[in-house]
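Here's the structure, in structure tokens; my notes come after.
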Amino acid sequence: MNPISTSELDSMRADVATAACDTTCTIQRKVKTSDGYGGASETWTTITTTKAGLSEPSGAQLANYADLIGTSATWKVQFPYGTDV
């Protein structure tokens, strides 16, 4: 049996990402910037815009994390392979 080549694997990953990731998502990070007076301010900087897949978690997943999420709205977010989140 021959292993999957890198190009075939990349092609499969791209096909799955196209099929499963249908929502535009902006990934941001908090960055501290010096204000020149010895202080710093925090701002959000956009790292990338990509496609993501959103789905509701299962009841079992909600039960597992109930103590962490409480009554907050919860979504499962899936990104294409290799996305730096």
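None of the figures in this text is laboratory data; all of them are computed from the coordinates on show. Predicted, not measured: the structure shown is a model, and the values here were computed from it. Please note: Cβ atoms are built from the backbone with ideal geometry, for glycine as well, and neighbour counts cover all protein chains shown.
For this structure, a couple of remarks:
- Computed about the Cα centre, the dipole magnitude for the chain is approximately 160 debye when only Lys and Arg (+1) and Asp and Glu (-1) carry charge, each at its Cβ.
- Whole-number percent relative contact order across the chain, with pairs defined as alpha carbons under 8 Å at least 6 apart: 30
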